[in-house]
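The values are calculated or read from the model by the stated rules, or taken from the named source; none is laboratory data. Because the structure is predicted, anything quoted here is derived from the model rather than measured. Here Cβ is always computed from backbone atoms with ideal geometry, including for glycine, and neighbour counts include all displayed protein chains. Note: areas computed on protein heavy atoms with side chains; ligands, DNA, RNA excluded. Shrake-Rupley method; radii C 1.70, N 1.55, O 1.52, S 1.80 Å.
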Amino acid sequence: METVNRMTGHVSADEVYDVIAAERPNISRATVYRNLNRLAEMGKIRKIEVPDGADRFEHWSHKHYHVRCEKCGRIFDVDMPYMEDLEARIRDTHGFDFTGHDIIFSGVCPAYKNKADVNG
């Protein structure tokens, strides 16, 4: 948890492992993965399941939305209120009991937009 808090942002389990392994070379990758998932289940950190990409972890545990850059794959927070009642507004025809939602928007980050503007 300390490592995720120190790193800030939206980090992969591999990135967390690399930092921890530099400090504790005997730690296993499985131990880091298991503890990241356990901390997420406990609500201490947030796990972001990224379609077609590595799961990400962040120190913000409150519910919020994200955007993934289509060019570099980085994840950013979206500045908008979380819609607590979204599940109640879904018309269900398949018998689900909805328990929550995660939304990841897609777009192009400012760094890549600026590269495109410069390279024309």
Can you tell me which residue in region 28-44 is modelled with the highest pLDDT, limited to those that are over 17 Å from G100 (Cα atoms) and part of a loop (DSSP other than H, G, I, E, B)? S28
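Each row is one residue, and each column tells you yes or no for (1) in a loop (DSSP other than H, G, I, E, B); (2) touching a residue at least 40 places away in the same chain (Cβ under 8 Å); (3) of a type in the set (G, A, S).
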site: V50; (1), (2), (3): yes, yes, no
site: G53; (1), (2), (3): yes, no, yes
site: S61; (1), (2), (3): yes, no, yes
site: R68; (1), (2), (3): no, no, no
site: C72; (1), (2), (3): yes, yes, no
site: F76; (1), (2), (3): no, yes, no
site: D79; (1), (2), (3): yes, no, no
site: M83; (1), (2), (3): yes, no, no
site: R91; (1), (2), (3): yes, no, no
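Look through R34, R46, R68 and report the one residue that is touching a strand residue (DSSP E or B) at 6+ places or on another chain (Cβ under 6 Å), closer than 14 Å to S12 by Cα and open to solvent by 40 Å² or more (accessible area, probe 1.4 Å). Working first, answer last.
Values: R34 fails: touching a strand residue (DSSP E or B) at 6+ places or on another chain (Cβ under 6 Å); R46 fails: open to solvent by 40 Å² or more (accessible area, probe 1.4 Å).
Sole residue among the options that is touching a strand residue (DSSP E or B) at 6+ places or on another chain (Cβ under 6 Å), closer than 14 Å to S12 by Cα and open to solvent by 40 Å² or more (accessible area, probe 1.4 Å): R68.
Every residue, every condition in (1) more than 11 Å from the chain's Cα centre (by Cα); (2) among the hydroxyl-bearing types (S, T, Y); (3) over 26 Å from V4 (Cβ atoms), yes or no:
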site	(1), (2), (3)
G53	no, no, no
R56	no, no, no
E70	yes, no, no
D77	no, no, no
M80	yes, no, no
E84	yes, no, no
E87	yes, no, yes
I103	no, no, no
K113	yes, no, yes
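Can you tell me which residue in region 7-27 is farthest from C72 (Cα to Cα), limited to those that are in a helix (DSSP H, G or I) and in contact (Cβ under 8 Å) with a residue 12 or more places away in the chain? I'd like the intermediate steps shown before the answer.
The first filter runs over region 7-27 and keeps only residues in a helix (DSSP H, G or I), leaving 7, 13-23.
Filter once more, keeping what is in contact (Cβ under 8 Å) with a residue 12 or more places away in the chain: 7, 13-14, 16-17, 19-20.
Values: M7: 19, A13: 18, D14: 17, V16: 19, Y17: 21, V19: 21, I20: 24 Å.
Once the filter is applied, the top-ranked residue is I20.
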Quick test of your reading of the structure: H59 fulfils all but one of (1) within 24 Å of Y112 (Cβ to Cβ); (2) surrounded by 17 or more Cβ atoms within 10 Å (Cβ to Cβ). Name the failing condition by number. (1)
Test E41 against the criterion of being open to solvent by 60 Å² or more (accessible area, probe 1.4 Å) and either under 17 Å from V4 (Cβ atoms) or in contact with an Asp or Glu (Cβ under 6 Å, 6 or more places away or on another chain) (or both), and give yes or no. yes
Check whether at least one residue in region 95-102 is part of a strand (DSSP E or B), of a type in the set (D, E) and surrounded by 11 or more Cβ atoms within 10 Å (Cβ to Cβ), and report yes or no. no
